[in-house]
Amino acid sequence: KFYEEREDNVEKIAGAKARYYRAKEIINNYKKITTLIPDHIPLVFSAILPVDEALLDTANFNERIREVNSELEKLCDDNQRLYFINITNQLTRPDGWLSEKFHIGDGIHLNALGNAVWIDGLKEGLLNATSRYNTNVKSKF
């Protein structure tokens, strides 16, 4: 299995490597994931986190990441069992790049503080998603 089932929830977190693929490819992969996991299991997708482009060789990564996140959010909005968690604004500078105070110095990987912020956001998002899912399931009967 490429996923782990716990208390009828499956958590899928997109990694930074997703920024190397086209938005359409990434979204198609998310769609495939949703068809492979039983319908009674809600899926929570985290936004792909931005990078600090000042430390990378290639420009426009964050533009591509925002495009994927926008499409992923639309995908989640169109399906009751899909939930999108986006805490990027808590980790970015005003220009939308990952803040240096939240990465280990490479512009990509979160440091302890960045991980703490991300985990707190995920916890809150998971609680909201679980609550929303349980409400939706009960209202169907």
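Can you name the condition, by its number, that Arg19 falls short on among (1) closer than 20 Å to Ser131 by Cα; (2) modelled with pLDDT under 90? Only one criterion in (1) closer than 20 Å to Ser131 by Cα; (2) modelled with pLDDT under 90 is unmet by Arg19, namely (1). Please work out which residue is most open to solvent (accessible area, probe 1.4 Å), limiting yourself to region 95-109 and to residues that are among the hydrophobic types (A, V, I, L, M, F, W, C) and not in a loop (DSSP other than H, G, I, E, B). Residue satisfying both the conditions and the ranking: Phe102. Ser131 falls short on exactly one of the conditions (1) open to solvent by less than 30 Å² (accessible area, probe 1.4 Å); (2) farther than 22 Å from Glu25 by Cα; (3) polar (S, T, N, Q), and that condition is (1).
A search for C-beta distances below 6 Å between a residue of region 48-67 that is closer than 13 Å to Thr88 by Cβ and any residue that is at pLDDT 95 or above and exposed (fewer than 14 other Cβ atoms within 10 Å of the Cβ), counting only pairs 6+ apart in sequence or on different chains, returns nothing. Kindly evaluate Leu49 against the criterion of being within 26 Å of Asn128 (Cβ to Cβ), assigned to a helix (DSSP H, G or I) and at pLDDT 90 or above. Criteria not met by Leu49. In region 77-94 there is at least one residue that is farther than 27 Å from Leu56 by Cα, touching a strand residue (DSSP E or B) at 6+ places or on another chain (Cβ under 9 Å) and open to solvent by 70 Å² or more (accessible area, probe 1.4 Å). Looking at Glu67, Glu73, Glu124, just one residue is at pLDDT 95 or above, in a helix (DSSP H, G or I) and either in contact with a Lys or Arg (Cβ under 9 Å, 6 or more places away or on another chain) or of a type in the set (Asp, Glu) (or both), and that residue is Glu73.
The values are calculated or read from the model by the stated rules, or taken from the named source; none is laboratory data. Remember, predicted model here, so these are calculated numbers, not experimental data. All Cβ positions, even for glycine, are placed from backbone atoms using ideal geometry, and neighbour counts span all protein chains on display. Quick note on the areas: whole protein, heavy atoms, side chains included, nothing else; ligands and nucleic acids left out. Shrake-Rupley method; radii C 1.70, N 1.55, O 1.52, S 1.80 Å.
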